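The structure appears right after this line, and notes come after that.
The values are calculated or read from the model by the stated rules, or taken from the named source; none is laboratory data. These numbers were taken from a predicted model, which means no experiment stands behind them. With ideal geometry, Cβ positions are generated from the backbone for all residues, glycine too; neighbour counts draw on all protein chains shown. Protein only, heavy atoms only, side chains kept; ligands, DNA and RNA dropped before computing areas. Shrake-Rupley method; radii C 1.70, N 1.55, O 1.52, S 1.80 Å.
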Amino acid sequence: ASEETSEMVIQETRPVIDTESGNRGSVLTKEFLERIPAGRSYQSAVQMAAGVTGGANANVAGSAYNENTYMLDGVNITDPVTGTFSLNFNFDAIEQIEVLTSAFDPEYGVNLGGSINVVTETGGNTFEVKTGIYIMNGNWSPRLDARYASDGYELAPTDFDSRFERYEVGVKVSGPIVRDKAWIVTAYQMTRTLIANAGVELPRDFDAHYLLTKLTFQPTADHRITAFLQSD
């Protein structure tokens with residue numbers, strides 16, 4: 001009888017320090033974005049990155065909410081007046097989000113906060129359709145009674161007169177125009193938000209329509225042309 005043996009060699013290389021870039025931050029992949037317990041927007045997803053706090057306009061590494069740079073597929077979309085984000089679109093069209101918190105390269109502009117780089121999908125050789133309906137009803141959350149000082153002065157109003165409801169319908173279509181050469185992604189989202197804060201008589205209700213279309217043409221492995229249309 002003969003005995004056969006086999007040998008497996010596993011090699012691992014030590015990570016090399018990147019001496020070309022001093023960027024520090026996080027990359028939120030599409031797989032991560034689909035699983036996080038956050039609202040369906042890049043503004044809320046950014047809150048999941050280390051060193052980021054605040055609301056829709058994030059506070060990065062202790063900076064103010066209006067000291068960030070927002071990029072969409074390499075284009076600066078920061079509002080030049082307010083220093084905040086300037087547009088919205090269908091959350092399903094996001095491929096990844098890079099959140100740079102410090103020591104980023106000068107290409108991202110001059111700011112005291114962070115750089116939030118949103119990369120949208122390109123599409124592929126497989127035709128795909130994704131649609132969904134999302135409902136957020138804050139009326140199911142716990143409510144607080146009004147709070148008073150010992151002399152009867154009202155310190156905080158009751159939460160029972162507050163309201164938050166959000167209804168969202170979206171669809172994304174992607175696929176090839178010319179296989180291995182040209183692809184298209186089109187996404188539409190309708191959002192209706194009803195907000196009435198505690199103690200505020202004027203409600204903040206609005207409807208929104210977001211449209212995004214991206215056409216990518218790659219004639220060679222080294223060249224890529226992108227046409228992008230966005231409206232909200």
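Are any residues in the stretch 111-128 in a loop (DSSP other than H, G, I, E, B) and open to solvent by less than 70 Å² (accessible area, probe 1.4 Å), and if so, which ones? If you could, list the steps in order and put the result at the bottom.
Taking the stretch 111-128 and keeping what is in a loop (DSSP other than H, G, I, E, B), we get 111-114, 121-127.
111, 113, 114, 121, 122, 123, 124, 125 - these are the residues of the stretch 111-128 that are in a loop (DSSP other than H, G, I, E, B) and open to solvent by less than 70 Å² (accessible area, probe 1.4 Å).
Please indicate, with yes or no, whether at least one residue in the stretch 153-162 is open to solvent by 70 Å² or more (accessible area, probe 1.4 Å), touching a residue at least 12 places away in the same chain (Cβ under 8 Å) and either part of a helix (DSSP H, G or I) or closer than 27 Å to residue 91 by Cα (or both).
Step one: list which residues in the stretch 153-162 are open to solvent by 70 Å² or more (accessible area, probe 1.4 Å), which gives 153-155, 160-161.
Of the ones still in play, those that are also touching a residue at least 12 places away in the same chain (Cβ under 8 Å) are 160-161.
From what's left, either part of a helix (DSSP H, G or I) or closer than 27 Å to residue 91 by Cα (or both): 160-161.
Within the stretch 153-162, one or more residues are open to solvent by 70 Å² or more (accessible area, probe 1.4 Å), touching a residue at least 12 places away in the same chain (Cβ under 8 Å) and either part of a helix (DSSP H, G or I) or closer than 27 Å to residue 91 by Cα (or both).
Return yes or no: is residue 194 modelled with pLDDT under 95 and exposed (fewer than 11 other Cβ atoms within 10 Å of the Cβ)? Steps first, answer last, please.
Details: modelled with pLDDT under 95: yes; exposed (fewer than 11 other Cβ atoms within 10 Å of the Cβ): no.
So residue 194 does not fit the description; no.
Can you say whether residue 180 is at pLDDT 90 or above and on the phi > 0 side of the Ramachandran plot, as far as the supplied structure shows?
Details: at pLDDT 90 or above: yes; on the phi > 0 side of the Ramachandran plot: yes.
Yes: the conditions hold for residue 180.
Taking the stretch 56-80, which residues are under 21 Å from residue 166 (Cα atoms) and either over 15 Å from the mean Cα position of the chain (by Cα) or open to solvent by 40 Å² or more (accessible area, probe 1.4 Å) (or both)?
The answer is 56, and nothing else.
When the residues of the stretch 129-146 are filtered to those that are among the aliphatic types (A, V, I, L, M) and under 28 Å from the mean Cα position of the chain (by Cα), which remaining residue is most open to solvent (accessible area, probe 1.4 Å)?
133
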